[in-house]
Structure formats: C-alpha cells, structure tokens
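Inspection log for the structure reproduced underneath, given as structure tokens.
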Amino acid sequence: MITVQKAAINTALVAALVGGGAYLAMGYPVIASSTGSQSSTDSAKGGHQANGITEQLLTGTTATRVKNAVLAANPGATVHRVETDAEGAVYEAHITKADGSRATVKLDGSFNITATEAGHGRR
C-alpha cells in the first residue's frame with residue numbers, strides 16, 4: 001500500500017506542477033517556448049533604447065540561430081525573448097536558466113556568446 005500511496009502523491013504533485021505552470025504562464029505571458037517563437041505579448045517589450053539605438057525583436061532564421069546558440073550553452077534554459085542589443089553586443093537573449101536564475105546572454109554577429117549577465121534587465 002505504501003507504493004500505491006507514493007504513486008498517488010507523485011501523481012498529485014505532477015498535476016499541481018503542471019497546473020501551477022499553466023497558471024504562472026497566464027500571469028507571466030512573456031514566457032515563450034525555448035524552441036518556439038516569441039509570443040505576441042513579447043512584441044510589446046521591444047523598443048528599449050540605449051546609446052541612441054532602439055532594440056528590435058528578432059524573427060526567422062536569426063532568432064532561431066540566437067536561440068540555438070544560447071540553448072547549447074545553457075541546457076534546460078527557457079528563452080523568453082531574443083533581440084538586437086543596444087549596449088555593445090549584436091544580439092541578446094533573455095532567459096531563465098535551468099536552476100531558475102535569470103540572465104541576459106549577449107552574442108556577436110557570428111552567434112558566439114560574448115557574455116552572460118545575471119538578471120533579465122527589463123521584462
């Protein structure tokens with residue numbers, strides 16, 4: 001019976017985690033699939049300006065290449081947004097690492113990671 005009880009508890013925990021994740025995703029719509037495209041609410045996050053440069057959300061092949069490079073260096077991470085960078089790099093990706101910490105990953109024009117900064121910056 002102990003095994004049946006453990007199985008029931010594990011099932012309940014998984015259901016709570018899945019349900020809780022769906023609830024959090026509704027409350028935090030910026031989260032996008034690490035392999036999918038950015039959600040439409042992400043486009044409202046574009047337009048950050050620094051040094052006279054306005055950041056633009058990435059799409060298509062460029063977005064995919066940035067995501068792939070970032071995920072290769074950060075297994076298990078979730079990519080929230082990929083965009084041009086107004087503060088020195090060519091591209092940047094806002095992520096949540098597998099350990100739950102947030103980071104902004106900077107890349108050059110050849111999709112090489114040049115820096116990883118703790119935190120997400122603006123969301």
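Observations on the model:
- Restricting segment 76-120 to residues that are within 12 Å of the chain's Cα centre (by Cα) and not in a strand (DSSP E or B), the residue that is modelled with the lowest pLDDT is His120.
- Odd one out for Ala44, checked against (1) modelled with pLDDT under 95; (2) touching a Gly at 6+ places or on another chain (Cβ under 8 Å); (3) aliphatic (A, V, I, L, M): (2)
- Residues satisfying the stated conditions in segment 90-109, i.e. among the small types (Gly, Ala, Ser), surrounded by 16 or more Cβ atoms within 10 Å (Cβ to Cβ) and over 18 Å from Thr64 (Cβ atoms): Ala103
- Criterion violated by Asn112 - all others in (1) open to solvent by 10 Å² or more (accessible area, probe 1.4 Å); (2) under 14 Å from Arg65 (Cα atoms); (3) of a type outside the set (Gly, Ala, Ser); (4) touching a Ser or Thr at 6+ places or on another chain (Cβ under 9 Å) satisfied: (4)
- Of all the numbered requirements in (1) of a type in the set (A, V, I, L, M, F, W, C); (2) at pLDDT 55 or above; (3) touching a Leu at 6+ places or on another chain (Cβ under 9 Å), Leu57 misses one, and that requirement is (3).
The values are calculated or read from the model by the stated rules, or taken from the named source; none is laboratory data. For clarity, every value in this text was computed on a predicted model and none was experimentally measured. Reconstructed Cβ throughout: ideal geometry from the backbone, glycine too, with neighbour counts over all protein chains shown. These area figures cover heavy atoms from the full protein model, side chains too; ligands, DNA and RNA do not enter into them. Shrake-Rupley method; radii C 1.70, N 1.55, O 1.52, S 1.80 Å.
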